[in-house]
Ligand SMILES: C[S@@+](CC[C@H](N)C(=O)[O-])C[C@H]1O[C@@H](n2cnc3c(N)ncnc32)[C@H](O)[C@@H]1O
């Protein structure tokens with residue numbers, strides 16, 4: 001039997017090289033200028049604070065959070081056709097005025113649709129880790145959307161990221177703190193924190209987290225604040 005390939009390793013020199021190469025970012029911005037993007041209705045913007053979940057699956061976590069936080073507006077975006085449809089149906093049928101599910105691409109939303117300083121929290125739970133070196137530009141922290149994502153956070157806004165891949169959270173930690181100057185509030189294995197709501201979901205907040213926890217696989221997280 002062939003040996004299993006090793007997981008990617010955290011490599012700061014390669015990250016620094018990647019961060020210097022900006023040309024793809026400009027091309028990306030141009031590409032999205034005239035494209036349609038998922039719309040967040042104005043009624044979800046002010047006066048309530050807005051929380052966004054990217055890659056929300058079918059939206060179970062954000063529906064529960066919307067019930068717990070009626071004073072906030074929560075929007076969940078999911079790109080996958082089937083999961084996105086179930087997310088939209090869930091938000092239409094749940095009867096919550098402060099929860100909305102959108103089937104669409106969060107990248108397009110950030111490139112042209114979401115204004116700077118509009119989000120109080122962004123949750124990205126168990127994103128695809130894109131483990132192949134050649135695909136690393138798709139990881140959220142290296143993605144051309146990342147500057148927009150950081151800009152979209154309000155002052156004192158938070159990004160809450162979780163992954164079963166240690167290298168992913170290590171890289172995100174390095175990029176968020178070194179390149180974007182975000183303040184690190186939590187970094188390492190997941191454990192309850194007021195911003196991650198883990199204590200309310202002991203079996204896992206999302207489907208992926210439930211699977212990892214049931215298999216006793218370690219999960220990692222990063223919580224950062226924009227100052
Ligand atoms: C590994 S799954 C995790 C789903 C869920 N967060 C969970 O923890 O169970 C990652 C999800 O992110 C979605 N996704 C990836 N890129 C996206 C994008 N640009 N916009 C919206 N959703 C995206 C995928 O379709 C997929 O459903």
- Message: Under 7 Å between Cβ atoms, which residue pairs at least 6 apart in sequence (or on different chains) link something in the stretch 1-15 that is over 15 Å from residue 141 (Cα atoms) with a partner that is at pLDDT below 85 and surrounded by fewer than 10 Cβ atoms within 10 Å (Cβ to Cβ)?
- Response: none
- Query: Do we find that residue 172 is within 12 Å of the chain's Cα centre (by Cα), away from the ligand (no atom under 12 Å from the Cβ), over 19 Å from residue 111 (Cβ atoms) and in a helix (DSSP H, G or I) in this structure?
  - Reply: yes
- Determine, yes or no, whether residue 85 is touching a strand residue (DSSP E or B) at 6+ places or on another chain (Cβ under 7 Å) and free of Cβ contacts under 8 Å to residues at least 24 places away in the same chain. yes
- Query: Which of the residues belonging to the stretch 1-46 are in a loop (DSSP other than H, G, I, E, B), within 28 Å of residue 178 (Cα to Cα), modelled with pLDDT of 80 or more and touching a helix residue (DSSP H, G or I) at 6+ places or on another chain (Cβ under 8 Å)?
  - Reply: 8, 9, 10
- Message: Suppose we keep only residues that are touching a residue at least 40 places away in the same chain (Cβ under 8 Å) and part of a loop (DSSP other than H, G, I, E, B) within the stretch 216-227. Which one would you say is nearest to the ligand (Cβ to nearest atom)?
- Response: 219
- Item | Matching option when the condition is farther than 27 Å from residue 31 by Cβ and more than 12 Å from the ligand (Cβ to nearest atom), among 135, 158 | 158
- Item | Per-region count, the stretch 200-215, residues farther than 17 Å from residue 53 by Cα, at pLDDT 95 or above and part of a loop (DSSP other than H, G, I, E, B) | 2
- Message: Suppose the filter is within 16 Å of the ligand (Cβ to nearest atom) and in contact with a strand residue (DSSP E or B) (Cβ under 6 Å, 6 or more places away or on another chain); does residue 53 pass it?
- Response: yes
- Task: Hey, could you check the stretch 111-127 for residues that are within 16 Å of the ligand (Cβ to nearest atom) and farther than 23 Å from residue 185 by Cα and say which is modelled with the lowest pLDDT?
- Result: 113
- Query: Say we look at the stretch 47-89 and pick out the residues that are part of a loop (DSSP other than H, G, I, E, B) and under 16 Å from the mean Cα position of the chain (by Cα); which of these is surrounded by the fewest Cβ atoms within 10 Å (Cβ to Cβ)?
  - Reply: 80
- Query: Can you name the condition, by its number, that residue 147 falls short on among (1) assigned to a helix (DSSP H, G or I); (2) free of Cβ contacts under 8 Å to residues at least 60 places away in the same chain; (3) out of contact with any strand residue (DSSP E or B) (no Cβ under 8 Å at 6 or more places or on another chain); (4) within 16 Å of the ligand (Cβ to nearest atom)?
  - Reply: (2)
- If you scan the stretch 187-205, which residues turn out to be under 21 Å from residue 152 (Cα atoms) and surrounded by 20 or more Cβ atoms within 10 Å (Cβ to Cβ)? 196
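The values are calculated or read from the model by the stated rules, or taken from the named source; none is laboratory data. Only a predicted model underlies this, so the values are computations on that prediction, with no experimental measurement involved. FYI the Cβ positions are ideal-geometry reconstructions off the backbone, even for glycines, and counts take in every protein chain you see.
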